[in-house]
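Presented below is the structure to which this report refers.
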Amino acid sequence: MASAAASHDGEQDRPGPDCGPAMAAVSSLMTASRYKMVIFDFDGTLADSGDWFLSISDELADRFRFRRVPPEEIEMLRGQSSREVIRYLGVPRWRLPAIGRFVHARLAEETDRIPLFEGVRPMIEALVAAGIRLALVTSNSQHNACAILGREITDHIEHFECGASLFGKAPRYRKVLRRAKLSPDQVFSIGDETRDISAAHKVGIKAGAVMWGYANRAALARLAPEAMFETPAEVLQLLLGEQPAPLPVA
């Protein structure tokens, strides 16, 4: 499960050698969007890594001595908050960094197994063409994120905040705001888990939740995101002002 991938705090902000230089080009198709930047989550938002995490979940449970998840419980857990899932599995908080390091090292050997969700690439291209700046805040490693996204996307990401602890995204959002020299009302955050919404709201950033990731609609709606998206095209509808995105519905 994507929510089981936790990490110790990392520090990278700009792309490393495997990402390439960030590009600052702004298209002539400038939009009147109120948002100057979008901060994306990675796993479950851009990258379709859920099945891969499930494929190693039993191995993780045995190795780190927490509860296995039978298939019939997966949907139930999708309706829980990130903290509730951790408690249900019986994962001690002090073990989360070690679990994250193991998962990210394992994934680094299998990044070719992780596709992007359908519609993600054209969504990114459209945002870049409209002059909206991009940032990535994730618990995954920068190496894995860059390998899966590819240079065509990472060249357009201005700020990388990777290796965030499971519940440590809020400080990373603040760091992005500071370095981008933007106020919270100029930035929109998009993720697939309850912790993404909570972290964004803690910093004063409006949050959007995608329906194609880990948590289900009911769990996300309880955190009152400003928008919920069924498809990447709906992200563009909101951010580029074509029409409102669907309102949260429990």
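Kindly evaluate residue 43 against the criterion of being modelled with pLDDT of 90 or more and either surrounded by 19 or more Cβ atoms within 10 Å (Cβ to Cβ) or of a type in the set (Phe, Trp, Tyr) (or both). Judged against the criteria, residue 43 is a match.
Pick out the one residue from 75, 125, 118, 109 that is more than 19 Å from the chain's Cα centre (by Cα) and modelled with pLDDT of 95 or more. Steps first, answer last, please.
Details: 75 fails: modelled with pLDDT of 95 or more; 125 fails: more than 19 Å from the chain's Cα centre (by Cα); 118 fails: more than 19 Å from the chain's Cα centre (by Cα).
After applying the criteria, what remains is 109.
If you go through segment 213-230 and keep only what is without any contact (Cβ under 8 Å) to a residue 24 or more places away in the chain and surrounded by fewer than 18 Cβ atoms within 10 Å (Cβ to Cβ), you end up with just 230.
Summed over segment 143-192, the residues that are open to solvent by less than 10 Å² (accessible area, probe 1.4 Å), under 23 Å from residue 106 (Cβ atoms) and among the aromatic types (Phe, Trp, Tyr) give a count of 1. For segment 81-101, filtered to residues that are under 14 Å from residue 64 (Cβ atoms) and either of a type in the set (Gly, Ala, Ser) or modelled with pLDDT of 95 or more (or both), the residue that is nearest to the chain's Cα centre (by Cα) is 100.
Here is the figure for segment 116-131: residues that are β-branched (Val, Ile, Thr) and under 17 Å from residue 191 (Cβ atoms) total 2.
Tell me, yes or no, whether segment 91-101 has at least one residue that is within 23 Å of residue 39 (Cα to Cα) and crowded, with 18+ Cβ neighbours inside 10 Å. There is at least one residue in segment 91-101 that is within 23 Å of residue 39 (Cα to Cα) and crowded, with 18+ Cβ neighbours inside 10 Å.
Quick check: is even one residue across segment 124-142 open to solvent by 10 Å² or more (accessible area, probe 1.4 Å), in a helix (DSSP H, G or I) and within 28 Å of residue 56 (Cβ to Cβ)? No: segment 124-142 contains no residue that is open to solvent by 10 Å² or more (accessible area, probe 1.4 Å), in a helix (DSSP H, G or I) and within 28 Å of residue 56 (Cβ to Cβ).
Listed residues 210, 203; which is open to solvent by 10 Å² or more (accessible area, probe 1.4 Å) and touching a Phe, Trp or Tyr at 6+ places or on another chain (Cβ under 7 Å)?
Numbers: 210 fails: open to solvent by 10 Å² or more (accessible area, probe 1.4 Å).
Just one listed residue meets the conditions, 203.
The values are calculated or read from the model by the stated rules, or taken from the named source; none is laboratory data. Just so we're clear, the structure is a prediction, and the values are computed from it rather than from any experiment. So basically every Cβ, Gly included, is an ideal-geometry build from the backbone, and we count neighbours across all protein chains shown. Surface areas here come from the heavy atoms of the whole protein model, side chains and all, with no ligands, DNA or RNA. Shrake-Rupley method; radii C 1.70, N 1.55, O 1.52, S 1.80 Å.
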